[in-house]
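The structure under discussion appears below in the form of structure tokens.
The values are calculated or read from the model by the stated rules, or taken from the named source; none is laboratory data. None of these values were measured; they are calculated from a predicted model. Cβ: placed from backbone, ideal geometry, glycine included. Neighbour counts: every protein chain shown.
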Amino acid sequence: MRPLLNYGIACMSMGFLVEETAPVVWRGLMVMSAIEKLLRQVDWGQLDYLVVDMPPGTGDVQLSVSQNVPISGAVIVSTPQDIALMDAHKGAEMFRKVHVPVLGLVQNMSVFQCPKCKHRTHIFGADGARKLARVLDLDVLGDIPLHLNIREASDTGQPIVFSQPESDEAKAYLRVAAEVVRRLPPPPQ
């Protein structure tokens with residue numbers, strides 16, 4: 001299989017393997033089979049990094065990937081609200097249990113700034129990922145704000161780092177990316 005290529009990034013998804021409106025309700029062997037196809041039967045070409053975006057939690061997907069694929073590190077992404085942080089905590093502990101280094105946490109939707117008056121509101125709570133990072137003895141790799149520009153750019157298929165590269169929102173993503181790369185072993189030459 002050939003991955004889709006957009007903005008210099010190769011992409012493959014389980015969503016590409018099923019009908020657009022069909023839910024993916026796979027477990028166990030079906031999940032592992034799909035993961036194997038995505039990892040081993042896609043013509044990735046020469047990669048610097050392979051990023052695997054997984055759903056929250058500690059289920060079949062996370063265990064299958066962590067037990068069958070060499071992983072250089074995991075990044076835990078969470079909103080700052082308590083219920084999401086519970087899953088993030090479990091996810092970090094699961095990766096530690098299977099000996100996958102946890103590179104740090106990203107606090108997503110950390111703050112909303114009104115586009116008119118510029119008032120900042122912590123809709124999902126303030127600094128939840130920072131508090132969890134202290135508990136887990138991890139670093140916070142960065143904060144991604146809840147911002148209309150990010151949603152609008154995403155809906156048009158344009159990453160904010162390309163559509164508005166000088167924006168604070170783009171800079172937030174670039175800071176997180178730099179922190180992740182800094183913590184990873186260098187790619188083989």
Query raised in the report: Looking at Pro165, Pro188, which is the one that is surrounded by fewer than 17 Cβ atoms within 10 Å (Cβ to Cβ), outside any helix (DSSP H, G or I), at pLDDT below 95 and not polar (S, T, N, Q)?
Result: Pro188
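Quick grid of which residues meet (1) part of a strand (DSSP E or B); (2) at pLDDT 95 or above; (3) on the phi > 0 side of the Ramachandran plot:
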{"position": "Lys116", "(1), (2), (3)": "no, no, no"}
{"position": "Ala133", "(1), (2), (3)": "no, yes, no"}
{"position": "Asp143", "(1), (2), (3)": "yes, yes, no"}
{"position": "Arg151", "(1), (2), (3)": "no, no, no"}
{"position": "Gly157", "(1), (2), (3)": "no, no, yes"}
{"position": "Ala178", "(1), (2), (3)": "no, yes, no"}
Requested in this report: Of all residues in the stretch 111-153, count the ones that are buried (at least 19 other Cβ atoms within 10 Å of the Cβ), more than 22 Å from Arg182 (Cα to Cα) and either of a type in the set (Gly, Ala, Ser) or in contact with a Cys (Cβ under 7 Å, 6 or more places away or on another chain) (or both).
Outcome: 2
Requested in this report: Looking only at the stretch 36-66, count how many residues are of a type in the set (D, E, K, R), in contact (Cβ under 8 Å) with a residue 12 or more places away in the chain and within 22 Å of Ser78 (Cβ to Cβ).
Outcome: 1
Query raised in the report: Quick one: what pairs do we get from the stretch 156-168, first residue touching a residue at least 24 places away in the same chain (Cβ under 8 Å), second surrounded by fewer than 14 Cβ atoms within 10 Å (Cβ to Cβ) and in a helix (DSSP H, G or I), C-beta under 7 Å, 6+ apart or different chains?
Result: none
